[in-house]
Amino acid sequence: MRFAEADNGGGHLIDAYGVDGISIGGRCFTRGLIVTPSRVQEGWGPPHAADLTLRHMDELLGFEPAANVQIVVVGTGGAQVFPDPACFAAAVERGIGIEIMDTGAACRTYNILMSEGRRIVAGLLPWGA
């Protein structure tokens, strides 16, 4: 899905997503990645969403200073896959909201929250995850 033009003056917006990857700033990412308004880092997450662990979640929480994060969005590929509830504990203990959804929904949610100026971190797995 390609998004309509949006103002990305506030940070990195996701331009498009689908089975071919996730496009941000004209670059297509085909592996799992972490995206925030200020940073994009490829190479996050396991090959399969069912294999998400506490370590993966800790990477998301540590990507930006924890005091700055309001919400973590996790995109689990083409379908919503819930990780072990223990994976949520660190975020909940810090008062950080966490949402698990398929990657398309996570991309849309990230763009909306980022555009609102929210302090967000998204971990996005590709469709085949």
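Per residue, how large is the accessible surface of the chain? Use a 1.4 angstrom probe and give square angstrom. Display every interim value, and only then the final one.
Working: 6370 Å² over 129 residues.
Spelled out: the 1.4 Å probe surface of the chain, per residue, equals 49 Å².
Compare the Cα positions of G104, S23, A79 along the charge dipole of the chain (+1 at Cβ of Lys, Arg; -1 at Cβ of Asp, Glu; about the Cα centre) and return the one farthest towards the positive end.
Among G104, S23, A79, the one farthest towards the positive end of the dipole of the chain is S23.
Take every DSSP beta bridge with both residues inside the chain and express the antiparallel ones as a percent of the total, to the nearest 5. Spell out each step's value before the answer.
Working: 14 of 25 bridges.
Roughly 55 percent of the beta bridges in the chain run antiparallel, per DSSP.
Using a Förster distance of 22 angstrom, determine the FRET efficiency expected from the C-beta separation of A89 and D51, and round it to 0.05.
In this case the efficiency is close to 0.80.
Have a look at the chain and give its Rg and Dmax from the Cα atoms, expressed in angstrom.
13.2, 38
Using amide H atoms built 1.01 Å from N in the peptide plane, name the residues 5+ places from T76, or on other chains, whose amide H lies under 5 Å from its own.
V81, M101, D102, T103, L125
Nearest 20 debye, what's the magnitude of the dipole of the chain about its Cα centre given +1 on Lys and Arg Cβ and -1 on Asp and Glu Cβ?
120
Quick one: pull the percent of accessible area on the stretch 19-129 belonging to carbon and sulfur, 1.4 Å probe, ligands and nucleic acids left out.
51
Can you list residues whose amide H is under 5 Å from L13's amide H, if they're 5+ apart or on another chain and H is modeled 1.01 Å from N?
Here the answer is G25, since their amide H atoms fall under 5 Å of that of L13.
Let me check against my output: what whole-number percent is the relative contact order of the stretch 19-68, with C-alpha pairs under 8 Å and at least 6 apart?
On the way: 35 pairs, mean separation 9.9, N = 50.
Answer for the stretch 19-68 is 20 percent.
The values are calculated or read from the model by the stated rules, or taken from the named source; none is laboratory data. Nothing here was measured: the structure is a model prediction, and the numbers come from that model. In this analysis, Cβ positions are derived from the backbone assuming ideal geometry, glycine residues included, and neighbour counts consider all displayed protein chains. Heads up: the accessible areas ignore ligands, DNA and RNA and are worked out on the full protein's heavy atoms, side chains in. Shrake-Rupley method; radii C 1.70, N 1.55, O 1.52, S 1.80 Å.
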